[in-house]
1. Report the residue, chosen from Asp158, Asp110, Asp52, that carries the largest GNM mean-square fluctuation when the chain is represented by alpha-carbon nodes joined by springs under 10 Å.
2. Which FRET efficiency value, to the nearest 0.05, is calculated for Met171 and Glu136 with the Förster distance at 35 angstrom and r the Cβ-Cβ distance?
3. By how many nm would the segment from Lys144 to Asp116 lengthen if fully extended, with 0.36 nm per residue of separation less the alpha-carbon distance?
4. Hey, what do the phi angles of region 78-95 turn into as Karplus ³J(HN,Hα) couplings, whole Hz, using 6.51/-1.76/1.60 and θ = phi - 60°, x for Gly and Pro?
5. Write down the accessible area per residue of the chain in Å², having rolled a 1.4 Å probe over the full set of protein chains.
6. If I stretch the segment between Ala159 and Ala54 completely, what's the gain in nm (0.36 nm per residue apart, minus their alpha carbon distance), one decimal?
7. Determine ³J(HN,Hα), in whole Hz, for all residues of region 122-133 in sequence, where each value follows from phi through the Karplus function 6.51 cos²θ - 1.76 cosθ + 1.60 and θ = phi - 60°; x replaces Gly and Pro.
8. Please count, across region 4-171, the pairs of lysine residues with Cα atoms under 26 Å apart that sit 8 or more places apart or on different chains.
Amino acid sequence: MPSKTDELISQGLGKAKVMKGAIKGLGGVFRTLMEQHGQASGLLHRIKSSDDVAKRAELWETVRAQLLAHERSEMEVIYRELHYDPRTRAIAEHHDQEAGELEALIRELDALPVGDVQWAETFDTLVERVQHHVSEEEGEIFPKAQDVLGKDRVKSLDATLHDAFDAQLRMA
Ligand SMILES: [Fe+2]
């Protein structure tokens, strides 16, 4: 488990994301997803800036599970809906492909020792992919998806997403 300080930093980044989301007019389930982005980004940054292999390994255990649960639950709850609408179908297909690539990178990292040079290189690639995922979703996909789904649906999907995330976290 990460230390109390790590948790606080990552929660703080999550909250900062939520404030940014509010400015962009995103609500309900999209605020939750942005909060998860902030928390994962905070943990990835902590790994990158730590020289302590044991610490990196410990943080990696937490963030890999969070990333898998995030991707799988957003596919299950949000992108499944976006597949149905012709206005967002292409976006959903694009996201599914990138989610598969992200998951493959996590599997590669799982197969390597955390102290290995190859691990560090693959980890840098993963960080880039996550940054790309975050900016694409928050900048383009979420605002469009919110328009398509409508405010009420965006609000009601929040509880569904929380349940799906918790279930995925237990399996990650
Ligand atoms: Fe996401």
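The values are calculated or read from the model by the stated rules, or taken from the named source; none is laboratory data. This one's a predicted model, so the numbers in the text were calculated from it and none came from an experiment. Quick reminder, even Gly has a Cβ in these numbers, built from the backbone with ideal geometry, and neighbours come from all protein chains shown. Calculation scope for accessible area: heavy atoms of the full protein, side chains included, ligands and nucleic acids excluded. Shrake-Rupley method; radii C 1.70, N 1.55, O 1.52, S 1.80 Å.
1. Looking only at Asp158, Asp110, Asp52, the biggest GNM fluctuation is shown by Asp52.
2. Numbers: r = 26 Å, r/R0 = 0.73.
Once rounded, the FRET efficiency stands at 0.85.
3. Working: separation 28, 0.36 × 28 = 10.08 nm, distance 4.07 nm.
My answer for the length gained is 6.0 nm.
4. Those phi angles translate into 8, 5, 4, 5, 5, 5, 6, 9, x, 6, 10, 4, 5, 4, 5, 5, 4, 5 Hz.
5. Values: 8740 Å² over 172 residues.
On a per-residue basis, 51 Å².
6. Numbers: separation 105, 0.36 × 105 = 37.80 nm, distance 3.52 nm.
Additional length available on full extension: 34.3 nm.
7. So the J values, rounded to whole Hz, are 5, 4, 4, 4, 4, 4, 4, 5, 5, 4, 4, 4.
8. Step by step, the pairs that qualify in region 4-171 add up to 24.
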